[in-house]
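Read through the structure below, which is laid out as structure tokens, and then see the notes.
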Amino acid sequence: MAAGRGGGDNDLWKMMETPVPGKLELIVGPMRSNKTAELLRRVEIRRQYARQYVLLLKPSADTKAAAGLVESRNQNGCGRMEAVEFPAADPWAALEILAATEQRIGKRVECVALDEGQFVQDLFLFTKRLLETGHDVMVSGLELDFRGLPFGEMLDLSWLVRTYAGNVTELVAYCSCGAKALYPQRLIDGKPAPYESPVIMAGDNYEPRCAEHFVLPGKPH
Ligand SMILES: [Zn+2]
């Protein structure tokens, strides 16, 4: 770095340099494994102790970005935090929000945190872009859908962890029998949902279940 630059210029210079790729922290697990609470805890400690700027993003079915909340379902957990909503079908729209934030704060956003990653289209490429542009990324989400099949692109992100460094945290949920739950059991009116029901469905209800108690009527294999 050239001597004699003012602090402000230095910061601008840093932003223009080719960035060091960020690291990816992946938080996965079935329903009721406290993924969101864990994500919010990590956002909080980065802000509080590392004094980082963490942009918390939440995918939304709406097409327009808006202010929103990320909320843990566990009432004893880390509660809720304000988040920026972006359209799940177009995460690239969030890049504009990121750029505008960096303009405003005069430095690179150190970390982008993303909840419910399974709903985001282009999740793999979007996360890769964030890492390559020098942002640490934290993503929480479901790896399997109610059929026990890969949900969105969450499973693909483990390649990015290996390639860009970072870590995977697998959180555990329990079936009511006490065994480790592997699957999200979808219930419609209290009964197991058939295989043919849509992957994303409003007003559905879930229970974490072990392999023995997971029921999927009409599954082909
Ligand atoms: Zn069980």
Worksheet item: Restricting attention to region 79-99, which residues are modelled with pLDDT under 90 and surrounded by 19 or more Cβ atoms within 10 Å (Cβ to Cβ)?
Response: M81
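Give A94, A100, A67 a once-over and let me know the one that is under 30 Å from E207 (Cα atoms) and among the small types (G, A, S). Step through it out loud before you land on a result.
On the way: A94 fails: under 30 Å from E207 (Cα atoms); A100 fails: under 30 Å from E207 (Cα atoms).
Answer to the selection: A67.
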Worksheet item: Restricting to strands (runs of 3 or more DSSP E) lying wholly in region 69-145: which have 1 or more residues that are in contact with a Ser or Thr (Cβ under 7 Å, 6 or more places away or on another chain)?
Response: 80-87, 136-141
Worksheet, complete the sentence: When region 42-63 is checked residue by residue, the ones that are among the aliphatic types (A, V, I, L, M) and without any contact (Cβ under 8 Å) to a residue 12 or more places away in the chain are I45
Discussion item. So V137 passes all but one of these: (1) crowded, with 17+ Cβ neighbours inside 10 Å; (2) of a type outside the set (S, T, Y); (3) more than 24 Å from A37 (Cα to Cα). Which condition number does it fail?
Written reply: (3)
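For residues that are more than 16 Å from the ligand (Cβ to nearest atom), within 29 Å of L39 (Cβ to Cβ) and not hydrophobic (A, V, I, L, M, F, W, C), scanning just region 190-221, find the one that is modelled with the lowest pLDDT. Step through it out loud before you land on a result.
So in region 190-221, the residues more than 16 Å from the ligand (Cβ to nearest atom) come out as 190-191, 193-205, 217-221.
Pick out the ones that are also within 29 Å of L39 (Cβ to Cβ) and you get 193, 197-205.
Then drop every residue that is not not hydrophobic (A, V, I, L, M, F, W, C), which leaves 197-198, 203-205.
On the way: S197: 90, P198: 88, G203: 71, D204: 75, N205: 87.
Checking each candidate, the answer is G203.
Taking the stated definitions as given, is A211 closer than 17 Å to L144 by Cβ, without any contact (Cβ under 8 Å) to a residue 60 or more places away in the chain and outside any strand (DSSP E or B)?
Taking the combined requirement at face value, the residue satisfies it.
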Worksheet, complete the sentence: A careful count of residues in region 147-163 that are crowded, with 19+ Cβ neighbours inside 10 Å and within 16 Å of the ligand (Cβ to nearest atom) gives 0
Discussion item. Restricting to region 164-189, and then to whatever is assigned to a loop (DSSP other than H, G, I, E, B) and touching a residue at least 12 places away in the same chain (Cβ under 8 Å), can you tell me which residue is farthest from the ligand (Cβ to nearest atom)?
Written reply: A165
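The values are calculated or read from the model by the stated rules, or taken from the named source; none is laboratory data. The structure presented is a predicted model; accordingly, all values stated were derived computationally and were not measured. Virtual Cβ from ideal backbone geometry, glycine too; neighbours counted across all protein chains shown.
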